[in-house]
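Peer 1: My questions will all concern the structure given below.
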Amino acid sequence: MPVAAPSSALPQSRSLLTTLPGPRAQELLERQRQVVPAGVASTMPTFAVRAEGGIVEDVDGNRLIDLGSGIAVTSVGASAPRVVAGVQQQVEQFTHTCFMVTPYEGYVAVAEKLADLTPVPGPQRTALFNSGAEAVENAVKVARAYTGKQAIAAFDHAYHGRTSLTMALTAKNKPYKNGFGPFSPEIYRVAGSYPLRDGLSGAEAAARAIHQLDRQIGANNLAAVIMEPIQGEGGFIVPAPGFLAEITRWCRENDVLFIADEIQTGFARTGQWFASEFEDIQPDLITTAKGIAGGMPLSAVTGRAEIMDAALPGGLGGTYGGNPVACAAALGAIETIMEDGLLGRAREIEHVIVEHLTSVQRNDARIAEVRGRGAMVAFELINPTTGAPDAALTGAVAQAARDQGVITLTCGTDGNVIRLLPPLTISNELLREGLTVITDALAATTI
């Protein structure tokens with residue numbers, strides 16, 4: 001597909017013409033308060049009108065450095081030319097027929113690409129949906145249909161979504177679960193691997209988890225174990241080496257499916273197509289979303305053919321699942337990753353971020369750890385005297401950076417982790433500037 005040049009290039013520089021929010025943003029915030037519930041909260045107190053590369057421009061003409069990518073969605077950029085061209089072409093042809101009524105080639109083409117790219121072994125099948133939570137729900141449905149078992153095990157610090165079932169899988173109470181119960185039954189939680197806090201090797205942490213799986217649930221009741229290869233909302237926790245391999249080995253030996261939730265870690269974000277590849281694990285099922293389609297709503301469950309075929313005809317699907325416009329965007333995003341060398345670019349971004357943060361960490365004991373892979377790196381903040389998580393410091397630093405025009409996200413079960421998810425199209429200059437704003441804010445903050 002030919003790649004069209006952007007109609008007008010957005011300057012790749014930070015520029016604050018007003019304080020945030022500016023006058024136009026204040027008007028929109030008031031309108032928002034009148035019609036949008038308080039439960040739909042926003043990180044930045046402004047409204048975007050344009051985005052490209054590493055910059056988001058707001059309604060008042062302010063240009064913000066984007067270190068969030070819409071929570072790991074716009075990895076190929078917020079207006080990637082191949083994605084834009086694919087969407088425009090598809091919109092001119094048709095916007096919807098419902099794949100379950102009148103199918104179309106784009107859905108099949110996306111499934112073929114996922115069969116080529118995902119680390120699921122053997123012949124594969126893919127079903128497309130709209131959101132990450134929807135993909136997780138359907139992966140659980142498929143696992144139960146295939147195994148005839150009902151229990152599902154998730155891990156401490158997990159995040160899998162905000163629907164009824166996925167809230168049960170998600171570990172953190174506020175804001176995701178508080179007041180929304182009761183939750184779906186037959187969901188169990190076991191300890192995972194958090195090297196900074198538990199000090200265990202991968203083998204030791206896996207032995208602890210397997211003991212809990214055996215004693216608290218039992219393999220004969222367990223349909224699947226689900227885990228993010230790098231836990232996202234839980235704090236960008238990278239399990240100790242060997243942990244994932246040992247858990248998947250136990251699953252295979254005990255007829256339990258392993259579901260890799262790669263919704264945040266997939267599609268070049270970590271410097272591989274999928275984070276599972278770092279430990280050479282082969283999930284039975286893999287859920288993807290976020291970076292799959294350059295900002296269009298699309299998600300997928302990809303799995304071994306015999307597992308995916310366990311659901312009855314009509315048992316999987318949804319009116320909008322695999323929308324043709326979103327499929328066109330996905331094909332453009334995948335082509336962009338391949339043709340523009342974005343796997344390597346993610347690894348370059350990791351080097352820039354880790355080098356900057358570790359140099360600051362040497363002189364600031366409040367940074368307990370710098371961790372992550374590719375363009376998915378975080379640092380955890382603690383009280384150096386007590387070692388306790390410091391959520392107040394984390395919030396203050398993030399807010400100070402936002403006030404200076406850097407989109408900054410936090411995470412962690414204890415709210416004490418600043419996470420960095422820049423678009424893979426950001427320049428090193430912008431990235432370093434954004435990092436400097438954040439770490440200067442840390443240096444200036446005393447709580």
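Peer 1: Working only within segment 235-262, note down all residues that are in contact with a helix residue (DSSP H, G or I) (Cβ under 8 Å, 6 or more places away or on another chain) and polar (S, T, N, Q).
Peer 2: Asn254
Peer 1: Of all the residues that make up segment 429-447, how many are farther than 25 Å from Thr385 by Cα and touching a helix residue (DSSP H, G or I) at 6+ places or on another chain (Cβ under 6 Å)?
Peer 2: 3
Peer 1: Of all residues in segment 48-59 being in contact with an Asp or Glu (Cβ under 8 Å, 6 or more places away or on another chain), surrounded by fewer than 20 Cβ atoms within 10 Å (Cβ to Cβ) and aliphatic (A, V, I, L, M), which is farthest from Glu350 (Cα to Cα)?
Peer 2: Per the criteria, the residue is Val49.
Peer 1: Return yes or no: is Gly412 in contact with a Gly (Cβ under 7 Å, 6 or more places away or on another chain) and either in the same structural domain as Gly70 (by TED's automatic domain parsing) or under 28 Å from Ile263 (Cα atoms) (or both)?
Peer 2: Answer is yes for this residue.
Peer 1: Consider only pairs whose beta carbons are under 8 Å apart and that are at least six residues apart or on different chains; among these, list those whose first residue lies in segment 218-229 and is in contact (Cβ under 8 Å) with a residue 40 or more places away in the chain and whose second residue is hydroxyl-bearing (Ser, Thr, Tyr) and surrounded by 24 or more Cβ atoms within 10 Å (Cβ to Cβ).
Peer 2: Cβ pairs passing all conditions: Glu228/Tyr159; Glu228/Thr265; Pro229/Thr265; Pro229/Ser276.
Peer 1: Can you tell me which residues in segment 408-429 are surrounded by 23 or more Cβ atoms within 10 Å (Cβ to Cβ) and of a type in the set (A, V, I, L, M, F, W, C)?
Peer 2: Selection gives Cys411, Val417, Ile418, Leu420, Leu421, Leu424, Ile426.
Peer 1: Considering segment 60-84 alone, what residues qualify as being farther than 17 Å from Ile349 by Cα, more than 18 Å from the chain's Cα centre (by Cα) and either in the same structural domain as Phe236 (by TED's automatic domain parsing) or buried (at least 17 other Cβ atoms within 10 Å of the Cβ) (or both)?
Peer 2: Asp60, Asn62, Arg63, Leu64, Ser79, Ala80, Pro81, Arg82, Val83, Val84
Conditions tested, residue by residue: (1) within 24 Å of Ala330 (Cβ to Cβ); (2) at pLDDT 95 or above; (3) in the same structural domain as Tyr107 (by TED's automatic domain parsing).
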{"site": "Phe129", "(1), (2), (3)": "yes, yes, yes"}
{"site": "Ala133", "(1), (2), (3)": "yes, yes, yes"}
{"site": "Glu137", "(1), (2), (3)": "yes, yes, yes"}
{"site": "Val140", "(1), (2), (3)": "yes, yes, yes"}
{"site": "Phe155", "(1), (2), (3)": "no, yes, yes"}
{"site": "Ser164", "(1), (2), (3)": "no, no, yes"}
{"site": "Met167", "(1), (2), (3)": "no, no, yes"}
{"site": "Lys172", "(1), (2), (3)": "no, no, yes"}
{"site": "Tyr176", "(1), (2), (3)": "no, no, yes"}
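Peer 1: Still on this model: With the requirement that a residue be in contact (Cβ under 8 Å) with a residue 24 or more places away in the chain, surrounded by fewer than 19 Cβ atoms within 10 Å (Cβ to Cβ) and farther than 24 Å from Ala72 by Cα, what does segment 361-397 give you?
Peer 2: Asp364, Ala392
Peer 1: Could you list all residues from segment 21-47 that are surrounded by fewer than 13 Cβ atoms within 10 Å (Cβ to Cβ), of a type in the set (A, V, I, L, M, F, W, C) and in a helix (DSSP H, G or I)?
Peer 2: Val35
Peer 1: For segment 195-234, name all the residues that are assigned to a loop (DSSP other than H, G, I, E, B) and under 21 Å from the mean Cα position of the chain (by Cα).
Peer 2: Hits for segment 195-234 are Glu228, Pro229, Ile230, Gly232, Glu233, Gly234.
Peer 1: Tally up the residues in segment 140-167 that are in contact (Cβ under 8 Å) with a residue 60 or more places away in the chain, outside any loop (DSSP other than H, G, I, E, B) and under 22 Å from Gln216 (Cβ atoms), please.
Peer 2: Looking only at that region, the number is 9.
Peer 1: Hey, any hits in segment 183-194 for a residue that's modelled with pLDDT of 95 or more, aromatic (Phe, Trp, Tyr), more than 29 Å from Pro313 (Cβ to Cβ) and not in a loop (DSSP other than H, G, I, E, B)?
Peer 2: Yes, that holds for at least one residue.
Peer 1: Kindly provide the set of residues from segment 275-284 that are under 17 Å from the mean Cα position of the chain (by Cα) and surrounded by 24 or more Cβ atoms within 10 Å (Cβ to Cβ), ordered by number.
Peer 2: Once the filter is applied, which keeps residues that are under 17 Å from the mean Cα position of the chain (by Cα) and surrounded by 24 or more Cβ atoms within 10 Å (Cβ to Cβ), segment 275-284 yields Ala275, Ser276.
Peer 1: Which residues, taken from segment 125-166, are closer than 21 Å to Asp414 by Cα and either within 16 Å of the chain's Cα centre (by Cα) or surrounded by 20 or more Cβ atoms within 10 Å (Cβ to Cβ) (or both)?
Peer 2: Scanning segment 125-166 gives Ala154, Phe155, His157, Ala158, Tyr159, His160, Gly161, Arg162, Thr166.
The values are calculated or read from the model by the stated rules, or taken from the named source; none is laboratory data. None of these values were measured; they are calculated from a predicted model. Quick reminder, even Gly has a Cβ in these numbers, built from the backbone with ideal geometry, and neighbours come from all protein chains shown.
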